[in-house]
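This report refers to the structure that appears directly beneath it.
The values are calculated or read from the model by the stated rules, or taken from the named source; none is laboratory data. If you're wondering where the values come from, they're calculated on a predicted model, not measured in any experiment. A quick note on method: Cβ atoms are made from the backbone with ideal geometry, for glycine too, and the neighbour counts reach across all protein chains shown.
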Amino acid sequence: MTNTAHVGRSWNGHTIEDHCPCPQAPCGLVPADQAREDCQHHHWAAGKSLRQGHPAADCPGAPAVTNQADAAQQDKPWLSDSARIGRALIWSWSDSGRGERGAGYRAAQQEVRALLTGQRDAAAAAPAAQGLRDRIAVVLAEADGYEYAKGLGLRDMSADTQQHYDQLADAVMSVVLAELDRVQAERDKYAAELDRLNLERWEDQPTRVVLDEIHAERLRQDEKWGEQNHPDIDPRDIDVVTRDYFRQKAEIHRAVNEERATPSRTVGRCSACPEGDHTHTAWDVVLLEEAYEALGEEDPARLRAELVQVAAVAVAWVEAIDRRPAPAEEAAR
């Protein structure tokens with residue numbers, strides 16, 4: 001290795017070097033004594049300022065060449081190729097990006113540090129979704145200025161650059177997969193709990209009892225009358241006038257429900273009610289409000305939704321009747 005310098009015009013990394021005609025050193029920068037005359041960035045004749053550099057002997061991308069160096073690398077894992085690449089990523093991206101982009105880089109840096117310090121097993125974290133991992137690598141490269149990566153991928157980049165983004169994509173994927181595992185575990189836990197509650201309680205729920213009765217009644221209706229397909233309202237009526245009448249009735253019953261739901265004291269009219277202010281909500285007008293709202297709807301989807309509400313109120317009313325004491329129990333009190 002000649003005792004020259006490796007230089008670069010890029011502020012961080014070696015984006016400019018990847019796109020110039022000069023040969024690149026293992027670190028991605030250009031050997032100063034090999035800069036081509038037709039290069040507009042690195043040759044001295046271009047008159048451009050160089051923003052980073054290091055002696056060739058200290059090149060972070062240079063492989064170890066002696067047995068002594070190999071032994072030192074085994075004793076000091078932070079001198080390994082993967083460690084140098086990780087540090088290069090962290091250093092080159094330490095000041096890049098603001099806002100969401102900067103936060104994403106910082107998260108990736110933390111994951112790279114975890115990989116380098118042995119806190120995360122890189123082999124175990126290897127992504128199964130290779131396609132997604134490759135797309136992440138391309139997006140990261142594109143965000144750093146490699147615009148052609150979107151169409152060509154990483155194949156036209158230097159080996160060092162590809163390795164940079166491949167390792168970072170692995171780190172990001174390990175975080176993504178861990179989060180997906182956590183979310184799936186939470187989902188499975190809640191799904192299992194919901195299944196348990198349904199199996200344990202649904203058979204004894206009052207709603208289930210009432211719906212069974214409704215199903216039996218529907219079977220009796222079909223057996224007696226056959227399938228019924230009537231129009232929504234009398235076709236002899238004027239549609240607009242009839243539905244407007246129903247809407248007015250719905251408003252009247254809504255007002256009654258609001259008045260009944262307002263705590264008040266009506267001496268002489270509700271002797272069975274407790275003393276003091278209290279509400280007077282009752283099932284009759286609750287059901288009528290829902291029924292008239294349904295009758296006032298023209299849109300089939302909204303009509304259907306309102307009818308479901310009417311049925312639900314009717315079921316709730318039946319359940320309330322079933323909760324009342326039987327006449328014999330009431331008389332015994």
Item checked: Count - residues of region 204-216 that are under 35 Å from the mean Cα position of the chain (by Cα) and either more than 18 Å from TRP317 (Cα to Cα) or at pLDDT below 70 (or both) -> 0
Next item on the list: Kindly list the number of the only condition in (1) loosely packed, with under 11 Cβ neighbours inside 10 Å; (2) at pLDDT 90 or above; (3) part of a helix (DSSP H, G or I) that fails for GLN248.
Entry: (1)
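Go over the candidates ALA185, ALA169 one by one and state the one that is modelled with pLDDT of 75 or more, out of contact with any Phe, Trp or Tyr (no Cβ under 6 Å at 6 or more places or on another chain) and under 30 Å from PRO23 (Cβ atoms).
On the way: ALA185 fails: under 30 Å from PRO23 (Cβ atoms).
Residue meeting the stated conditions: ALA169.
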Notebook entry, point to check: Would region 278-294 turn up any residue that is at pLDDT below 90 and either assigned to a helix (DSSP H, G or I) or farther than 26 Å from VAL210 by Cα (or both)?
Noted result: yes
Next item on the list: Quick one: count up the residues across region 209-245 that are assigned to a loop (DSSP other than H, G, I, E, B), under 20 Å from ALA311 (Cβ atoms) and not aliphatic (A, V, I, L, M).
Entry: 6
Checklist line | region 285-327, residues that are acidic (Asp, Glu) and either touching a strand residue (DSSP E or B) at 6+ places or on another chain (Cβ under 9 Å) or surrounded by 13 or more Cβ atoms within 10 Å (Cβ to Cβ) (or both) | finding: GLU289, GLU290, GLU293, GLU297, GLU306, GLU319
Next item on the list: Kindly check whether there is at least one residue in region 107-122 that is modelled with pLDDT of 75 or more and under 27 Å from the mean Cα position of the chain (by Cα).
Entry: no
Check: VAL285: more than 21 Å from VAL318 (Cβ to Cβ) and in contact (Cβ under 8 Å) with a residue 24 or more places away in the chain, yes or no?
Finding: no
